[in-house]
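Quick notes on the structure that follows.
FYI, it's all coordinate maths here, none of it is from the lab. Since the model is a prediction, treat every value here as computed from it, not as a measurement. Backbone-built Cβ (ideal geometry, glycine too); neighbour counts: all protein chains shown.
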Amino acid sequence: MTDGVPAGERGWRRAVPYLLIFGLCLAVQAALAALKVPQVFDGELLGTDAYMRLVRVAGLHETGAWYDIAVARSNAPHGEVLHWTRPLDILLLAGAWVLTPVVGFRDALFFAGAVVSPLLWAFTGAAFVWAGEPFFGRSGRYLAMVAFLVQPAVMDYSLAGRADHHMLLLLIFVVSFGLTARMLLTPFHAGLALAAGAVAGLGLWVSIEFLLALLAAFAAMTLAWVLHGADGALKNRGFAIGLAVTVGLALLAERPLAAILTEEHDRLSIVHVTITLLALLFWSTARLLEGGGERPRGIPGRLVIAVIGAATAGGLLYLLFPKFFAGPMVDVDPRIFPIWFDKVAESQSLLPTDARNAGLLLYYLGAALVCLPFLLWLVVRERARPLWLAWLYAGLALAIYLPLAVFQVRFATYPEILMGLVIVTLVVRARRRLDRDTLGGALARALVTVGLLVGFSAAGLLVLYQGIPAVAGVPAAAKGTGGVICRLKDMAAYLDQPDGFGRRRHTILATTDYGPELLYRTRHAVIATPYHRNPGIFDAHRILTAGADRESRRLIEARGIDLILLCPSAPERAYFSSPGGGARATLYRRLAAGRAPEWLSRVALPAELAGSFRLYEVIRAP
């Protein structure tokens, strides 16, 4: 890959652009932390996942029980097993251990959680420039830096205080894309193929969401083999070996031997190891049928092999794990979708049903208006050029991720990265055509560059009129009654006072978004957290939307609930609206209005909390 690189750019000088964007990303993140999320400096994190992740890592630090992934104080009294895996836990724990001798473990863990996403974003920026070099060349590296810095969804997920796995997954995606593209463009090299597969396996370990990236990679590699043969089967077999070995080792790292065959679809399991083994079996067979390159079968023969192999692998997977084809949420209680999942911010659609959604669609994905025609042109018109296979790979990946992002905004980071590569290539080509040493030429180059890099996002903001909310994460404070801010941090400090409720552990019923922060800041247990495996979501909703006290009290007794915490705000009122609509007197409505049944006692809160929160204590029968 260093062919044609001037001698002066080899060695450490070649690393300068990557070091530059890494430093620039850190500087941008410092500014964003001060201007957009200043609450991080006051000890608050961004979003529920950040608190829950630190609870999980703190538990690992305290117990050392690597395979015990249950959060005992969640979904009380049963405990909760999340669908997360260990890679991000390892990063956070390593960062905390480094700082623990200086500030103590708890503060060190908070700091690690606050900076992990900005640091991963900086590494992703450097990886983006590296991954895109085959597409736009060295001349586009500095434009690529700017293109990366102005991707709105990517930036939203990178903010300080977001201790979740999204940026880690995106970094792996970018590195995986770069390695796979290079594998497609160069003759077979065992190390490159194994590395590309291993990085893809790491992505699958972080989240089974990476199956989509694997689909794009295998589709591109299979098409390359069908169309060109040559050493394609060797490349794909090497990729499949790296993938299968990494995923197999990841499974051993995630599960004890007694649970190694447990079938799960939303978390790395034997299901996903089986998929990688089927891929390895197919490519090993394809290589064998090719006879080591001595019996080329042509495009029709390779196409037949590919179709039969895909059908056989799919059939075997269906026989072994039929639920896989129903999606990763196949085992989720369907009752939680209308009351919780469908209301999650990052699960919302960008379909332009109104002006706000049209603005959001333009803001996040408006570049597709230019990228798709240009990419289609590249795929159709430049088939004879060496880069054609890489562009085909980018097009296949975009065809998978762009529709998903329109239907669920949480996927917007992936098409933004892919379209960033296309936009930079387009800008580089346009600037070459406008390379006239005149004032008009310079102005045209500037307008094209700025317009293509930021024009669509700026237009989206104009449509929205006002700043848009973060893609994901729930604000640390919600508007309470009378416009008062409900600061959960302050309420948690009250609940954890050693001379008050902190004397012993209580079980708290509150809205799902409060669960993780209460677990992080107090010794208490909670019922509901905003994660699809937690049946407490449905029970909490049933308790507070029931019209009959008998039903609510039965569930409260079964769950051992001691305290009910409310912050009567518009979002919370909407969340706990009665299932059938109307204005019937649910328990939530009565408690929000201060009308408690005789078996609940309202707690007199300090003045700074009483204007926003409602806290009720359950009166046990003598």
Residues whose placed amide H lies under 5 Å from that of G47, excluding near-sequence neighbours
V474, A476
Please report Rg over Rh for the stretch 11-159, where both radii come from the alpha carbon positions and Rh follows the Kirkwood definition.
1.05
Pick out the long, greasy-scoring helices in the chain: whole DSSP H runs spanning 20 Å or more along their own axis by Cα, mean Kyte-Doolittle at least 0.0.
16-35, 87-103, 105-136, 166-185, 190-206, 211-228, 232-254, 270-289, 298-320, 388-407, 413-433, 439-464
Check cross-link reach from K489 to the aspartates and glutamates: straight Cα distance under 15 Å, and skip same-chain residues fewer than eight apart.
D42, E44, D513, E517, E608
Which FRET efficiency value, to the nearest 0.05, do you get for I485 and R429 by plugging their Cβ-Cβ distance into 1/(1 + (r/R0)^6) with R0 = 51 Å?
0.50
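Between A34 and D496, what length comes free when the chain is fully extended (0.36 nm per residue of separation minus the Cα-Cα distance, one decimal in nm)? The partial results should precede the final answer.
Values: separation 462, 0.36 × 462 = 166.32 nm, distance 2.91 nm.
The A34-D496 span can extend by a further 163.4 nm.
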What does DSSP give for the stretch 478-618 in terms of the percent of beta bridges that are antiparallel, rounded to the nearest 5?
70
Under 5 Å, built H, 5+ apart or other chain: amide partners of L600:
I619
State whether the stretch 179-251 is rounded, prolate or oblate according to the following rule on the C-alpha gyration tensor (a ≥ b ≥ c being the square roots of its eigenvalues): a/c under 1.5 gives rounded; otherwise a/b larger than b/c gives prolate, and the remaining case gives oblate.
prolate
Cα-based Rg/(2.2 N^0.38 Å) for the stretch 239-341, rounded to two decimals, is 1.36
Below 8 Å between Cα atoms, with a sequence gap of 6+, how large is the relative contact order for the chain in percent?
15
Paramagnetic reach from R505 (point 7 Å along Cα→Cβ, amide N under 12 Å) across the stretch 513-531
523-526
Quick one: if you stick a label point 7 Å off each Cα along the C-beta vector at Q348 and L26, how many nm between them?
3.5
Give the span of the chain's Cα atoms along each principal axis, as three whole-Å numbers ordered largest to smallest.
86, 64, 54
Label zone at R335, where the point sits 7 Å out along the Cα-to-Cβ direction: the stretch 55-91 residues whose backbone N lies under 20 Å:
74-81
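Estimate the FRET efficiency between I619 and H78 by the formula 1/(1 + (r/R0)^6), using the beta-carbon distance for r and 25 Å for R0, to the nearest 0.05. Walk me through the intermediate numbers first.
On the way: r = 24 Å, r/R0 = 0.96.
Efficiency, rounded to the nearest 0.05: 0.55.
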Evaluate the distance, in nm, between pseudo-label points positioned 7 Å from the Cα of W97 and of D549 along their respective Cα→Cβ axes.
5.4
Mind listing the long-range amide H neighbours of A525? Cut-off is under 5 Å, sequence gap 5 or more, other chains count too, H placed in the peptide plane at 1.01 Å from N.
H506, T507, I508
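Using only the Cα atoms, work out Rg/Rh for the stretch 478-618, with Rh taken as the Kirkwood radius, to two decimals. Walk me through the numbers before you get to the answer.
On the way: Rg = 14.0 Å, Rh = 15.1 Å.
Computed over Cα atoms, the ratio is 0.93.
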If I stretch the segment between E263 and L376 completely, what's the gain in nm (0.36 nm per residue apart, minus their alpha carbon distance), one decimal?
36.7 nm
Spin-label pair L289/F188, simplified geometry with 7 Å Cα→Cβ offset, distance in nm
1.6
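I want the antiparallel fraction of DSSP beta bridges within the chain, as a percent rounded to 5.
Numbers: 12 of 16 bridges.
DSSP beta bridges in the chain are roughly 75 percent antiparallel.
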